[in-house]
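Structure, as structure tokens:
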Amino acid sequence: MDPRQRRTGPAGIAGPARVSAEKAKDISHTLSRLWSFFKVEKKELFITFLLILASGLLGISVPFLIGKAIDAIFPGKSLVEFENLRFIILILLSVYILDNVLTFLQEYIVAGIAQRIVYNLREKLFEKLQSLPIMFFDIHTHGEIMSRLTNDIDNVSTTISQTTVQLMVSVVNIIGSLVMMIYLSPLMTMASLITVPMVYFMTKVIASKTKLLFREQQKTLGRLNGHIEESIAGIHVVKAFNNEGKVIDEFKEQNDILRDVGVKAQIWSGYIMPLMNVINNFGFGVIAIFGGALAVKGTISVGVIASFISYSKQFTRPLNELANTFNTLQSGIAGAERVLKY
């Protein structure tokens, strides 16, 4: 843009021309650049992954032990294997305690990783701002730049702290649960996987819509912050030229746009959880019917059905949890995209 192009500021005085909405970069490029900041923390990330792997193995063992406990009780009081049942319960208590300890360590380490990455992001961005030409600050409002230093980086921080562990846990749970499901009953595993294509299609459709909306939300927030900063910094000039009405109208316009985009983004991201619940309930019904038929034929025991249902929930739970934090993930990626484009 020609730096000689000017616009009218809140007080009616000359100022930098408003720029059009920036062309968004693709998610893969943003994640690739963001990964360079994660590389610095590779040692801590490796330790976190080991803790998650150990915690995941403990969690995967729980449904299997519960199934064994049910089989020790079934079919009646006179046939209960009390010695075996007490041993299984003791192991379960130990697993739960150790799993909570490992989870605490994971969250403690990831909190440090997130803050150090955000610290480096802020430092690099501030250094970059010092090297930019004067023309850059002439065509970008101060509030919009500050929005990237604060709001966008805060979104990145929230996303890292909430999703880093979640992504690792999801991988471990999905692989571990699938292995145990195949071990318990290959036939029931095939029946339960009928919901996977449904989840994939639903997520793909909604993701294509929400990523655009959250990206636009961050851009609109930056423009609104720029207008607020200009108006407050030049409040004396605004009053001197009796320009309060125009400033208020411009604020309302930007605020309305931000509200509309934010509502649409939240509505689209909010579709995921209800749809996931419908798909999960459908899958649960398929497993219950198919498992019941196999149990009647004597192919599997009641304990195996109980274990399999738990594993099927563990298999789909990571998808549910990712769906629950989907808006945070999309908002964080949009924020990282705006920060890393400098």
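Determine the sum of side-chain charges near residue 110: Lys and Arg each +1, Asp and Glu each -1, restricted to other residues whose C-beta is under 10 angstrom from that of residue 110.
Here the count lands on -3.
Considering Cα pairs under 8 angstrom that are at least six residues apart, work out the relative contact order of the stretch 68-172 and quote it in whole percent.
27 percent.
Within the set of other residues whose C-beta is less than 12 Å from the C-beta of residue 93, count the net charge using Lys and Arg as +1 and Asp and Glu as -1.
0
Using a 1.4 Å probe on the protein heavy atoms, what percent of the accessible area of the stretch 85-219 belongs to carbon and sulfur?
Roughly 72 percent of what the probe reaches on the stretch 85-219 is carbon or sulfur.
Please turn the phi angles of the stretch 191-205 into ³J(HN,Hα) values with the Karplus equation 6.51 cos²θ - 1.76 cosθ + 1.60 (θ = phi - 60°), one per residue in order, whole Hz, x for glycine and proline.
For the stretch 191-205, the Karplus curve yields 5, 6, 6, 5, 7, 4, x, 5, 5, 4, 5, 5, 5, 5, 5 Hz.
Sorted by accessible area (1.4 Å probe), largest first, how do 142, 236 line up?
236, 142
Cα centroids of the stretch 119-183 and the stretch 222-296: how far apart, whole angstrom?
19
Check which residues have an amide H placed less than 5 Å from residue 185's amide H, if you skip close sequence neighbours.
Those qualifying (amide H under 5 Å, at least 5 residues apart or on another chain) number zero.
Just want to confirm a number: the relative contact order over the stretch 169-309, from Cα pairs under 8 angstrom separated by 6+ residues, in percent.
Computed value for the stretch 169-309: 38 percent relative contact order.
Please work out whether the stretch 120-267 counts as rounded, prolate or oblate from its C-alpha gyration tensor, where a ≥ b ≥ c are the square roots of the eigenvalues and a/c under 1.5 means rounded, while otherwise a/b larger than b/c means prolate and anything else oblate?
prolate
Which links in 211/252; 209/252; 124/252; 68/313 stretch past 23 Å when you go from one Cα to the other?
Those over the limit are 211/252; 209/252; 124/252.
Could you run the Karplus curve 6.51 cos²θ - 1.76 cosθ + 1.60 with θ = phi - 60° over the stretch 269-286 and give me ³J(HN,Hα) per residue in whole Hz, x for Gly and Pro?
In residue order, the calculated couplings are 5, x, 5, 5, 4, x, 5, 5, 5, 5, 5, 5, 5, 4, x, 4, x, 4 Hz.
Ordered by residue, what ³J(HN,Hα) values in Hz, to whole numbers, does the stretch 94-100 give under the Karplus form 6.51 cos²θ - 1.76 cosθ + 1.60, where θ = phi - 60° and Gly and Pro are x?
5, 5, 4, 5, 5, 5, 5
The values are calculated or read from the model by the stated rules, or taken from the named source; none is laboratory data. Every value quoted in this text rests on a predicted model; they were computed, and no experiment measured them. For neighbour counting, all protein chains shown are included, and Cβ atoms are generated from backbone atoms with ideal geometry for every residue, glycine included. What goes into the accessible areas is simple: the full protein's heavy atoms, side chains included, and nothing from ligands, DNA or RNA. Shrake-Rupley method; radii C 1.70, N 1.55, O 1.52, S 1.80 Å.
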